[in-house]
Each structure stands twice: as structure tokens, then as C-alpha cells.
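Engineer: I am attaching a structure below and will ask some questions about it afterwards.
The values are calculated or read from the model by the stated rules, or taken from the named source; none is laboratory data. These numbers were taken from a predicted model, which means no experiment stands behind them. Note that each Cβ is placed from the backbone with ideal geometry, even for glycine, and that neighbours are counted across all protein chains shown. Each accessible area value is taken on the protein alone, full model and side chains, heavy atoms only, with ligands, DNA and RNA left out. Shrake-Rupley method; radii C 1.70, N 1.55, O 1.52, S 1.80 Å.
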Amino acid sequence: MRERRQSGTDRRRAREFEAFVAGAAGRLLHAATLLTGEPAAAKPRAEQLLTAALARTYADWDRLRGEDPYDRARQEIVTRYARGAWRHHPRTGEGLLGRLGPQERLILVLRLYEGVAEERTAALVGLPVDRVRAICARAVAAMRRPAPARRPAPPWPLSLLALLSRQTAR
């Protein structure tokens with residue numbers, strides 16, 4: 001009898017979690033993509049962050065007790081990103097926020113994309129509120145500046161052009 005009750009609880013838990021993932025995974029993946037700075041087409045690090053965060057949220061599902069699972073999953077993404085970003089991925093130069101450093105990107109995503117209050121952001125990141133405010137202002141100012149122009153590709157070397165003209169003459 002206990003096995004039957006346990007399997008019913010597991011099925012209910014799985015259905016609740018699947019409904020949560022169906023509603024929240026897209027937004028969480030977009031936030032993770034903004035954090036990692038990966039292009040929208042290929043985002044393996046963002047997907048890895050999301051998968052790990054959802055796995056942890058599922059493991060803690062029964063212990064949430066009224067806590068918002070979206071907040072828990074977002075907190076897990078932020079924690080995992082912050083743990084590795086400063087050491088391993090300083091500036092990617094890719095994606096929408098590629099011009100920003102990891103800390104600026106993290107605070108900008110939390111404050112402006114996710115709408116997290118300054119106090120909560122400061123607690124998540126482990127910085128004073130004034131520092132979060134200053135980093136957010138600096139990141140916004142950096143995003144408002146025009147993107148640096150890409151340098152044009154150098155012209156073909158003359159030796160390559162000469163080689164090509166010789167081959168076409170044959």
C-alpha cells in the first residue's frame with residue numbers, strides 16, 4: 001500500500017514540476033543566455049546552466065513549501081553562473097550583452113530583465129546595495145553607447161591575387 005501511495009505522490013510531483021518547466025523554462029533559458037553572452041543559435045553553456053538549475057529545483061521540490069520555484073531556479077542559475085563566470089569567461093564579446101563583463105551582465109539581467117529589486121539583487125550577488133546600483137548604472141551607460149565599429153577585413157594580399165590571376169590564365 002505504501003508503494004502505491006508513494007508512486008501517486010511521485011506522479012503528482014512530476015506533473016507539478018512539468019507544468020512549472022513548461023511555463024518558466026523559456027524565460028529562464030533566455031536569462032541564462034543573456035548571462036553567458038552566447039549567441040541565440042548556439043547556447044550550450046546557457047542550456048547547461050538551465051539544466052543544472054532545474055535539476056536542483058526538482059530535487060528540492062517537496063521542500064519549497066510555498067516558496068516560488070521560479071525564484072529558486074533563478075537563484076540557482078545566478079549562483080552557478082557567478083561561481084564560474086569571473087574565473088572562466090571574462091568577456092565573451094558575443095550576444096546582446098557581450099560588451100559587458102560578467103558582473104555587469106549578471107546585475108543588469110537581474111535588475112532590468114528579471115525585475116529583481118536592488119536589495120534582493122545585492123543579497124543574491126553578495127554586494128552592498130550601493131555597489132549594485134553603481135554597477136547597474138555603469139552597465140546601462142555602456143549599453144547606451146554605440147557599439148564599436150568592426151574593422152573591415154584587410155584587402156586580399158597582392159601575392160594571393162597574383163596567384164589567382166595566374167591560375168585563371170592557364
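Engineer: Taking the conditions exactly as written (open to solvent by less than 40 Å² (accessible area, probe 1.4 Å), modelled with pLDDT under 95, in contact with a helix residue (DSSP H, G or I) (Cβ under 7 Å, 6 or more places away or on another chain) and not charged (D, E, K, R)), does Val109 satisfy them or not?
Structural biologist: Answer is yes for this residue.
Engineer: Here is a further query. When residues of the range 114-128 are filtered for being in a helix (DSSP H, G or I) and surrounded by 14 or more Cβ atoms within 10 Å (Cβ to Cβ), how many remain?
Structural biologist: Total meeting the criteria: 7.
Engineer: Being polar (S, T, N, Q) and touching a Ser or Thr at 6+ places or on another chain (Cβ under 9 Å) is the filter here; which residues of the range 14-47 pass it?
Structural biologist: Once the filter is applied, which keeps residues that are polar (S, T, N, Q) and touching a Ser or Thr at 6+ places or on another chain (Cβ under 9 Å), the range 14-47 yields only Thr36.
Condition check ((1) more than 22 Å from Gly115 (Cβ to Cβ); (2) in contact with a Gly (Cβ under 7 Å, 6 or more places away or on another chain); (3) open to solvent by 20 Å² or more (accessible area, probe 1.4 Å); (4) of a type in the set (Gly, Ala, Ser)) across all residues:
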residue	(1), (2), (3), (4)
Ala59	yes, no, yes, yes
Asp62	yes, no, yes, no
Glu76	no, no, yes, no
Arg80	no, no, yes, no
